[in-house]
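Read-outs throughout are calculated quantities, based only on the coordinates presented, and are distinct from any laboratory measurement. Note that this is a predicted model, so its numbers are computed, not measured. Cβ sites come from the backbone with ideal geometry, for glycine too, and all protein chains shown count toward neighbours.
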Amino acid sequence: MANMTPAQFMARVKRREIPAVCLFLGQEGWNRKRCREALIAALGAPERQDASQNTLAALVDDARSMSLFASERFIFVSNAEAAMPRSSRAAAAAAESEEEEDREAPAAAGGAGPLDAYVSDPTPGVTLVFEASRWDFEGDDKARTDRVRKFYSAIPDVVEFRRFSLDDARMETDRIAKAADVKLDPAAAQALVEALAGDVGRIAVEIEKLALYGKPVSAEDLPNLVPDARQSTIFALVNALGRRDRARALDALDALVREGEYLPLALTFLATQFRMALAAKEANLRSAGQVQGHFQKSGIPMWGSRAEQVAQTATRFSKDHLERGLRLIFEADRDLRSARPDDRTVVENFVVKLCG
C-alpha cells in the first residue's frame, strides 16, 4: 500500500498517472476538495455512490459494467467506512449504538473480497475512488482509521488527508491570499491562522470574503472583518478535546487568551456545546440537518453552521466522554468562582484532565 500526500496525488493526476482505484483517507477537507477538483478537471464529473446505501459487491459490479456513452468513468464512493463488516465497524467506533449498527448492517454485506478481486483486475477506463473521511489520524481516532486502512488494504494507492500544522497552514494561507489577490499583512495572516486554528478550509472562505474589502488587511482590521473568528477558535478547542489532542487544545486555549476571550464565557460555550452534542447522540442524530430539525422542534432556535458544529462534536465524542466533559466543566466553573482564581490555570487543568 503506497501512501501519498495530496500534493503527490495531484501531481500524478496532472501527469495523467491516475490510479485505477484509490482511497481518500482522513478528515482534512481543503486538500480533499482540491484533489476532487483535480480529478474532475481530468476526468469530468463523477458518478456519485454511497457505501452506506450500497453493498461493496454492488459497487464493484457497477464498476465492472461498461458505459454505453463514455469511454472513461469516474466513480466516487462516499462513506467508505460503512462498507466495513459490522464487527469491524463496532471495533472502529465503539461509541456507536447497537441500534445504529443494525440499521447499517445491510450496507456492510459482502466484506472486502469483491474489492480484492477488482483491484487485481480493474476495468479499463474506470477510476474508482473510495472516501473515508469520518475519522482522523490522532487520538482515539487513530485506531479507527487504522482499521479502515486494514479493511481497504487491497487498494494500493492511499491519499492521506492530515490536518495542517500551523506553519503549513500559514504557508497555504499566503498561497490562497496571493491567488485571490488579497494583500494580508504578515501579522494579519498569522492572526487569521491562529484565530481559525489552522483550518485551511475556513481560512479560504474568509479570504474569499476579504477579497471584497478591496484594501490591504492589517491585524487591526481582522476582528471587524472576521467577526466569528473567536467562536471558531473555541470550536477548534472543542475539536481538539474530542481527539484528546492535548497539544492542539492548549494551542487553541492560548489563542483565545491572546484574543482577550473571557474564559468563563468560553467555558459556558463548551458546556452548551457538550449538552447539545449529548442530546444529539442520545437522539441518534447523524447529520446537521437532523440536529437543526430536532432542536427547532424542541423550540430551540438553531442556524445551519451551529447545527454543523453540534453534529461534528457528537461524532467526535463518545457518550461517556461528553458526560465526563460536563462533569469536568462543572468542576472548572466551581473553581473559577473561588476566591481570586487564575482563570487560565483553571481552564488548562480542565483541558489536561479531559485529554487524559
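So what is the 222 nm mean residue ellipticity for the chain from helices alone, if each DSSP H run of at least 4 adds -39500 (n - 2.57) and you divide by all residues, rounding to the nearest 500 deg cm²/dmol? Please report the intermediate quantities before stating the final value.
Numbers: 18 runs with 210 residues, N = 356.
It comes out at -18000 deg cm²/dmol, rounded to the nearest 500.
For the stretch 231-356, what's the radius of gyration and Dmax over Cα atoms, in angstrom?
Expressed in Å, the Cα Rg and Dmax of the stretch 231-356 come to 14.3, 44.
Most mobile of Ser65, Ser133, Ser52 per a Gaussian network model of the chain (Cα springs, under 10 Å)?
Most flexible of the set in this elastic network: Ser65.
With just the Cα atoms of the stretch 109-223, tell me how far they stretch along each of the three principal axes, in Å, largest first.
Result, largest extent first: 58, 37, 21 Å.
Mind listing the long-range amide H neighbours of Val217? Cut-off is under 5 Å, sequence gap 5 or more, other chains count too, H placed in the peptide plane at 1.01 Å from N.
Lys183, Leu184, Asp185
Simple spin-label model, 7 Å along Cα-to-Cβ: Arg327 to Ala42 in nm?
5.1
Going down the list Lys14/Lys142; Lys142/Lys178; Lys33/Lys297; Lys150/Lys319; Lys33/Lys209, which pairs span over 28 Å between their C-alpha atoms?
Numbers: Lys14/Lys142 31 Å; Lys142/Lys178 35 Å; Lys33/Lys297 33 Å; Lys150/Lys319 26 Å; Lys33/Lys209 19 Å.
In this structure, Lys14/Lys142; Lys142/Lys178; Lys33/Lys297 exceed 28 Å between Cα atoms.
First select every other residue whose beta carbon is under 13 angstrom from the beta carbon of Pro114; then total the charges, Lys and Arg +1, Asp and Glu -1.
-3
How charged is the neighbourhood of Arg64? Take every other residue with its Cβ under 11 Å from the Cβ of Arg64, and add Lys/Arg as +1 and Asp/Glu as -1. Before the final figure, lay out the partial values.
Numbers: positive: Arg73; negative: Asp61, Asp62, Asp121.
Residues near Arg64 contribute -2 overall.
Take the Cα of Lys209, step 7 Å along the line toward its Cβ, and report every residue of the stretch 296-311 whose backbone nitrogen sits under 20 Å from that point.
Counting backbone N atoms under 20 Å from the label point, the list is 302-311.
Which net charge results when you count Lys and Arg as +1 and Asp and Glu as -1 among the other residues whose beta-carbon is under 11 Å from that of Thr123? Please list the in-between numbers first.
Details: positive: Arg64, Arg73; negative: Asp61, Asp62, Glu72, Asp121.
Cβ neighbours under 11 Å give a net charge of -2.
Would you mind giving the average projected area, over all directions, of the Cα convex hull of the stretch 168-227 in nm² with one decimal? Show your work: numbers first, answer last.
On the way: hull surface 13.2 nm².
Computed as one quarter of the Cα hull surface, the answer is 3.3 nm².
Grab the Cα-Cα distance for Asp168 and Tyr262, subtract it from 0.36 nm times how many residues apart they are, and report the gain in nm with one decimal. Provide the component values of the computation, followed by the final result.
Details: separation 94, 0.36 × 94 = 33.84 nm, distance 2.89 nm.
Here the segment from Asp168 to Tyr262 would lengthen by 31.0 nm.
At most 12 other C-beta atoms within 10 Å and a DSSP loop state: those are the exposed GluC sites (Glu not before Pro) I care about. Give me the longest piece of the chain that has none.
Working: sites that count: Glu17, Glu220.
Counting at most 12 other Cβ atoms within 10 Å as exposed, the longest clean stretch of the chain is 18-219.
For a Förster distance of 35 Å, can you work out the FRET efficiency between the beta-carbons of Asp254 and Ser120, rounded to the nearest 0.05?
On the way: r = 50 Å, r/R0 = 1.43.
Working from the Cβ atoms, E equals 0.10.
Let me understand the chain better: what is its radius of gyration from the alpha carbons, and its Dmax, in angstrom?
That works out to 22.0, 76 Å for Rg and Dmax.
Just to be sure I understand the model, the point goes 7 Å from the Cα along the line to the Cβ. What's the resulting Ser287 to Asp335 distance in nm?
Here the modelled spin labels are 4.1 nm apart.
Compute the label zone of Arg246 within the stretch 287-314: residues whose backbone N is under 20 Å from the point 7 Å along Cα-to-Cβ.
Residues passing the 20 Å test: none.
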